[in-house]
1. Can you spot the lysines whose alpha carbon is less than 28 Å from Lys20's alpha carbon? Ignore those fewer than 8 places along the same chain.
2. So which aspartates and glutamates can Lys112 reach, going by Cα to Cα under 16 Å and dropping same-chain residues fewer than 8 places off?
3. Give me the base-10 log of I(q)/I(0) for the range 2-168 at each q in 0.11, 0.18 Å⁻¹, Debye formula, one uniform scatterer per Cα, rounded to two decimals.
4. How high is the relative contact order of the chain? Use alpha-carbon pairs under 8 Å, at least six apart in sequence, and give a whole percent.
5. Nearest 10 degrees is fine. How inclined is helix 2-15 to the longest principal axis of the chain, computing both from alpha carbons?
6. When the helix-only estimate is applied to the chain (DSSP H runs of n ≥ 4, each -39,500 (n - 2.57), divided by the residue count), what is the mean residue ellipticity at 222 nm, nearest 500 deg cm²/dmol?
7. When a/c reaches 1.5 or more, the comparison of a/b and b/c decides; with that in mind, is the range 139-178 rounded, prolate or oblate per its Cα gyration tensor?
8. To the nearest 10 degrees, how steeply does helix 54-67 sit against the main Cα axis of the chain, on a 0 to 90 scale?
Amino acid sequence: MVLWLLAADFFNKQFHLDLKHFGLPLAFVALSAALGSIGGGSLSAYFLKRGWSVNRARKTASFICACCTLPVILTPYLSSPWLAAACFGLAGAAHQGWSATMYTVVSDIFPKRAVASVVGFGGMLAAFLSMGFFYLVGHVLQGEGTYKTIMLVCGSAYLVAWTMFHIGVPKIKPVKVE
């Protein structure tokens, strides 16, 4: 997760904390992400058990996760490292919930024999986008010297992705792959 990698430098720049002095907030972020993987990943299952369609359950779960990344936009304006850690933790949990939901969406759409290839291709694209994003982060930090733009991008990226997903896949249903 991009935010996890940015957290150490962010806490250093924002709160003048080094790796020796912000272990607990960072541990909180990691624990939140782990819990988000479980909780966020089971969110669509919760909706399915209540009789929702796969389309509605998966899209609602992913939308909730996307919205939960928004508070990270506020972190450059916060004066409390614990409040910032809470925003990072919520974003980390949301990222993990989003990922768990999207992996399941791939298996909802593609036949079993194609799932690994689709996930692998998506992972490759994510890796390339991450490299480009870190290049951008370097330029933004050198130019602006703050994380305001970076956190705006990180916090809103999931809503942009959800919108693209919703438009690109109007209904989650199996496709035939030959």
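1. Lys148
2. Correct list for Lys112: Glu178.
3. -0.49, -1.16
4. Values: 195 pairs, mean separation 53.6, N = 178.
That works out to 30 percent.
5. 20 degrees
6. Calculated from helices alone, the mean residue ellipticity at 222 nm is -27000 deg cm²/dmol.
7. Values: a/c = 6.35, a/b = 3.25, b/c = 1.95.
Judged from the Cα gyration tensor, the range 139-178 comes out prolate (a/c at least 1.5, a/b above b/c).
8. Its long axis makes an angle of about 10 degrees.
Read-outs: derived from the displayed coordinates by stated rules, not from any lab. Just so we're clear, the structure is a prediction, and the values are computed from it rather than from any experiment.
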